[in-house]
């Protein structure tokens, strides 16, 4: 009788994905973050590793210690864009492929960025907040004013969107704004115009900042991007321009952005990421021209299904002896005549 292999899942995982793993012959155990919203400690994860052949994580960290505690481990999968929570060096030394789920939330982020762009430009967030808290009329020193006049903002049609970074998310957003007849400018050092196609026009960062009516950030934090938008670069933006950051807070100089918004140098900003999450400096709540959300950009219901399908697909590719599309350490597969017996 063939011994059934054990799959340990600590990520949020779609029921269809669990069913697919069962069909592949795994005995599936779900625990940790995906079930309790509390990540397992290293010691707790180590205790669960004996007998585990497949480990699927999302928040839990897979350290060298965790890998060493799993002599039967064949595959590690992380439901993240990259293996940021996996010791890839330790996995590679054991010959264990590490699967990832890049662009799992690209559609979610693009939807959200478009949503806050609309809300910000048309003052939807401000108007909704005012109506709930203060009623219909806008009360000022010169008397009452109709909200029709107070909460006006620009249409998106005919405006220019500047995308700083144009990977899967930037491309998805560029496709969406076509429906609003927006012009798209792109700054991405890893692209050329041929690879970008007709999604937008590749320009320098300085040109993008000077011409865009809305600037949306879609880059990771690297030595090149940390503090990318400093005071000098923010000063290049139009006074009527808006900034959207659904990427990482460290890409923008916090003090410089606050000063630009507080002084009216910029029209507004939508921030879903912050410099010291979950703590937000109280001064940000005092700015009426800022839309604030608590890191929700990837929180679409469908993301779980996306990363589950990616991982199942790559596991099936491994089983068939192929090289998965999303493996972080392809070197462990180079000399294999066929994939591991996953």
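We did not get these values from a lab; they are worked out from the coordinates using the rules stated. Remember, predicted model here, so these are calculated numbers, not experimental data. FYI the Cβ positions are ideal-geometry reconstructions off the backbone, even for glycines, and counts take in every protein chain you see.
Check whether at least one residue in the stretch 191-207 is over 18 Å from the mean Cα position of the chain (by Cα), in contact (Cβ under 8 Å) with a residue 40 or more places away in the chain and surrounded by 16 or more Cβ atoms within 10 Å (Cβ to Cβ), and report yes or no.
If we filter the stretch 191-207 for residues that are over 18 Å from the mean Cα position of the chain (by Cα), which is where we start, we get 191-207.
Then keep just the ones that are in contact (Cβ under 8 Å) with a residue 40 or more places away in the chain; that gives 205.
Now restrict to residues that are surrounded by 16 or more Cβ atoms within 10 Å (Cβ to Cβ): 205.
There is at least one residue in the stretch 191-207 that is over 18 Å from the mean Cα position of the chain (by Cα), in contact (Cβ under 8 Å) with a residue 40 or more places away in the chain and surrounded by 16 or more Cβ atoms within 10 Å (Cβ to Cβ).
Tell me which helices (runs of 4 or more DSSP H) are completely within the stretch 131-214 and hold 1 or more residues being under 15 Å from residue 114 (Cβ atoms), or say none if there are none.
Counting at least 1 such residues, we get 168-177.
Being closer than 18 Å to residue 123 by Cα and touching a helix residue (DSSP H, G or I) at 6+ places or on another chain (Cβ under 9 Å) is the filter; apply it to the stretch 239-260 and report the residue that is surrounded by the most Cβ atoms within 10 Å (Cβ to Cβ). Before the answer, list the steps.
Filtering the stretch 239-260 for residues closer than 18 Å to residue 123 by Cα gives 239-245.
Subsequent filtering for residues that are touching a helix residue (DSSP H, G or I) at 6+ places or on another chain (Cβ under 9 Å) retains 241-245.
Values: 241: 24, 242: 25, 243: 27, 244: 25, 245: 24.
Checking each candidate, the answer is 243.
Among the residues of the stretch 13-34, which ones are within 27 Å of the chain's Cα centre (by Cα), within 22 Å of residue 302 (Cβ to Cβ) and touching a residue at least 12 places away in the same chain (Cβ under 8 Å)?
Selection gives 13, 14, 16, 17, 18, 20, 21, 30, 32, 33, 34.
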